[in-house]
Structure formats: C-alpha cells, structure tokens
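In what follows, a structure is listed as structure tokens, so that the remarks can point back to it.
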Amino acid sequence: MVDQAHRDAPEVPLSPRRRTAALVVLLIGLGMDVLDGSILYVALPTIQRDLSASGSHLQWLAAGYALPFALAMITGSRLGDIHGRRRVFLFGMVLFSATSLVCGLAGSVEVLIAARVAQGLAAALMVPQVMATIQVMYPPGRRGIAIAASSAVFAVTTVFGPVLGGLLLSLDIADLGWRVIFLVNVPICVLAAVATLMLVPESRASSAIRLDLVGVLLATLGMVALLYPLIVGAEQGWPLWSVVTLVLSVPLLALFVLHQRRRHSSPLVELSLFARRSFTGGLVVMMLCMGGVSGFSLVFTIYLQSGLGYDALAAALTQMPWGLAAAVFAVLSIGVLAPRLGRRVVAIGMAVTIVGMTALVGVTMTADGSTGGLVFLVPLALGGAGMGMGVALVFDFALHDVPVADAGSASGLLNTLQQVSIAMGVALVGALYFVLLPGTDPAAPAAEAAGSALSATVLLPLAMIAVALLAVRALPRFATQKEDDAA
C-alpha cells in the first residue's frame, strides 16, 4: 500500500487549487505558441501589400516560425531538464513577448521574418516544459485530465486561430492592421510571466543530461540548407548557389545521422526507433499528410484573398469547415471507429481527404470574385473529416511497438518532425504556387489566374497524401499496446 501510494504521488506536491492555476498558466503559453503558428496565414496578403513582400517572403513568414520551433524543441526540452523547467518556460515567455513586440513594430519584411524565427525559438523553449511540468505536478491517475486539457487547447487554437486573426484584422484596432495579431501577445505574456513566477513549481531532471550542441548545429545547418533554396530558388530562377546549397544539405544531414549513431549518451534522436516498421511507417504517413495539408492551407488562404477578393475574416470563416470537421472526426475515429476498423480508419481518412481536395479543385476552376464561401463548404468539410480520421490516430499507431522506456523519445521525435514537415510543406507547395501564378495568362481575371495556379499546385499535396495512403500498410492493424510493453 505504501509503495502504491508512493507511485501515485506527484513529484512536486501542490494543493489542487494551485495545481489547477499552474496548469492554466502553462496552457496559456501553449495556446499562444500554437496560435501564432495558425493565426498568421489570414494576414499574409495584407502583410504582402503593406511591406511589399514577395512570395518567398510569405513562405518564410510561415516556415520561419515552424522550422526553428521544430529544430529547437528537443534542445528546449533538454535545457528545461538541466536548468529548470519553470526557468526555461519563463525565459521563453519573455522572449516570446519581446519578439511579438518586434513583429508588431517591424518596418520591413526582413525584420518581420527575423522576429518570426526568434518567435519560433521562444516557442520551442516553452512548449516542452508544459508536458514535462504536467508530469511532475500531477499523479499518474490524474494526468489524463491535464493532458486532455492540453489537447483541447491545441485543437481549439488550431481551428479558431485563423478566425481570431481575421476578426482582429477586420476590427482594425487603433488602425494597427495586421500588427495587432502580434502586439496582442505582449500584455498576455507579461501577465502570464508574473503568474508563472507565482504559481508554476520548479523542477529538473533527476539524472544528469548533456546537451548535444554538435547535433543541434548539424541538424539546423542541414535543414536550413534544404529549405532555404526550396523557398527562394524557384523565384530567382534556380541560381547556382541555390543548387549547391541544396546538394550540401545531403552530407550535412548524413553527418547528423552519423553523429547520432556514434553518440551513446543523450542523443537528440534515438535512431534505433527507425528499425521499427510501425514507427517509421507512422512517421512517413504523418509527415506527408501534415506537409501536404500545411502547404495547401497556405496557398488556399492566399487564393481566397488575393484571387477572390475575400477579406481576412471571410477567408478564415470559409475555411472553418475543414478545422471543425477535423476536430469532430478525430474524436469519432479515436473513440468509435479505430477499435472496430484499426488502420483502415487512417486509409479511409486519406482517401476522403483526396476526394475533398479534388472536389475543391473543381470548385476553384469555376469560381470568380462573386463566388460565396458556401460553395467550398462540402469539399472543405470532406477534406477536414478525412484528415481528422487519419492524422489523429497516426501517433498511436507509430508508438505501437515502441517500448515504454523509449516512449518519451519517440513522442518527442514525432512532434519535432511534425513541425519540420509543416515547414517543408509550406516551402514546397508555396514555391510551386508562386512559380505557377506569374505563368498564368496575364489577360485573365485575377480569380481565374489564381484558380488555375491553385488547381495545378494542389496536385502536389494530393500526391503526397496518396503516397501516405500507400504507406498505411506499414502500420499495425490495430493500435492497442502490447501487454508486455504496457506492463
């Protein structure tokens, strides 16, 4: 009985009231980080006009947040383990506030991009501390509630982030325009920072952990060398430097893998995980789907505003059926469909997404400036429902054969590569759209030209999701954990 009570006790004992208050503070930080990844899309056309930004600039504003967020997330987790999770969370909060202020005051697109990169780094410091602190604040029997709350915050901010962005732009508070979507973070961060000092407990890892700085450097250089030419190379006609940089990314990433294989203590990536078919298959499905959908979301948002003349709020509301359907069918697939159909739910979801996006292409072929948002409702709802059915289960399937001892590393790697796939999807799909757009008939109306470019561009995310559909066969038939792993 004593041993059981000890196992059920949290590492950092708090009163229920303070624990709940601390959770709220942590979830505010998580919500702001996720929100700033989704709220920007509806503001991109306005930013483009205001700061004379090019297509590659818009891609960098999106990828420039997701990429450092991804690459620094494991580093942020290690820093919290070493220096204290509350301290690192607080530092990330202060940095997020400062970079939001710089974003809001930026006088050029270059300054805005640099601030977005720093914002992504700040988010990478904050987010890992949320789950780690929940682990030490809550006993095992009560963690489920806190984890469910964090999942709900993630879902709500993802779905309603663009709507909030569109609403703020429509209100045009104090004639600030798009700048308000960044400046609104500042007072929230200040209050949350004060609350962090008062309510969130400090905690560290019980064993010594070393930070793999060489691994961080190699991964960062490799991913930047891969993504930078993909974003700007096509726009500049693929100059020699862009090709050389792209080729250079291969040995850099190979060196990163070699370094991880030789590092026996605290590697950034546990390479043995890739020997598990279910993990690698789930990773491929997740990256292709998230990459394709993220790139599609970017270009479709720009199409609605620049091509059809929607304002930011109308564009956000038009896309809401995708997010709402994804949320509803994610819950439905986890609770009802997966226990009966297993991995077939993922395959069905991918197929439904392909049908929805194909139908969307058909609608855009005939849309013009007078087309209302309702004509997009059914295709978007289909696409979102399919994504909800597919992606919601991928993590469970990927972790099916992973031993409990490696579950944390595997989950962290999945989250990191999810953000990497978002950045890559924005780079690839966005680059294709902006290359095709100038190639359309200059005498054609804006809606027709943008629709033609979008219809051709959507073939890339469709192909990515189709490959993901084929990769579903690598997943286990059902996601139920093995008894020996769960024991």
Of everything in segment 251-271, what is touching a residue at least 40 places away in the same chain (Cβ under 8 Å), surrounded by fewer than 20 Cβ atoms within 10 Å (Cβ to Cβ) and in a helix (DSSP H, G or I)? Give them in sequence order.
H259, Q260
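What about A192, is it outside any helix (DSSP H, G or I), among the hydrophobic types (A, V, I, L, M, F, W, C) and assigned by TED's automatic domain parsing to the domain that holds A72?
Details: outside any helix (DSSP H, G or I): no; among the hydrophobic types (A, V, I, L, M, F, W, C): yes; assigned by TED's automatic domain parsing to the domain that holds A72: yes.
No, not satisfied.
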When residues of segment 449-463 are limited to those that are surrounded by 24 or more Cβ atoms within 10 Å (Cβ to Cβ) and over 10 Å from T364 (Cβ atoms), the one farthest from the chain's Cα centre (by Cα):
T457
Taking segment 143-189 and keeping only residues that are farther than 25 Å from M131 by Cβ, hydrophobic (A, V, I, L, M, F, W, C) and free of Cβ contacts under 8 Å to residues at least 12 places away in the same chain, one is left with L171, I173, A174
Of residues in segment 339-362 being surrounded by fewer than 17 Cβ atoms within 10 Å (Cβ to Cβ) and among the basic types (K, R), the one modelled with the lowest pLDDT:
R340
Complete set of residues in segment 72-105 that are in contact (Cβ under 8 Å) with a residue 60 or more places away in the chain, farther than 26 Å from V200 by Cα and either surrounded by 21 or more Cβ atoms within 10 Å (Cβ to Cβ) or not small (G, A, S) (or both):
C103, L105
Helices (runs of 4 or more DSSP H) wholly inside segment 80-179 that include at least 2 residues being within 16 Å of the chain's Cα centre (by Cα) and among the β-branched types (V, I, T)
109-137, 143-171
What about V127, is it of a type in the set (A, V, I, L, M, F, W, C) and surrounded by 22 or more Cβ atoms within 10 Å (Cβ to Cβ)?
yes
Regarding segment 367-379, can at least one residue be identified that is in the same structural domain as A325 (by TED's automatic domain parsing) and under 19 Å from the mean Cα position of the chain (by Cα)?
no
Evaluate segment 225-233: report whether one residue or more is outside the structural domain of L61 (by TED's automatic domain parsing) and not in a helix (DSSP H, G or I).
yes
Among (1) over 30 Å from Y41 (Cβ atoms); (2) of a type in the set (V, I, T); (3) without any contact (Cβ under 8 Å) to a residue 60 or more places away in the chain, which single condition is V345 missing?
(1)
For L168, are the conditions met, namely being out of contact with any Ser or Thr (no Cβ under 9 Å at 6 or more places or on another chain), at pLDDT below 90 and farther than 30 Å from L324 by Cβ?
no
Here the qualifying pairs (Cβ atoms under 7 Å; residues six or more apart or on different chains; first in segment 294-322 and under 18 Å from L382 (Cα atoms); second among the aromatic types (F, W, Y) and part of a loop (DSSP other than H, G, I, E, B)) come out as T318/Y310
With respect to V184, determine if the residue is crowded, with 18+ Cβ neighbours inside 10 Å, closer than 17 Å to M32 by Cβ and out of contact with any helix residue (DSSP H, G or I) (no Cβ under 6 Å at 6 or more places or on another chain).
yes
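The values are calculated or read from the model by the stated rules, or taken from the named source; none is laboratory data. Computed from a predicted structure; not experimentally measured. With ideal geometry, Cβ positions are generated from the backbone for all residues, glycine too; neighbour counts draw on all protein chains shown.
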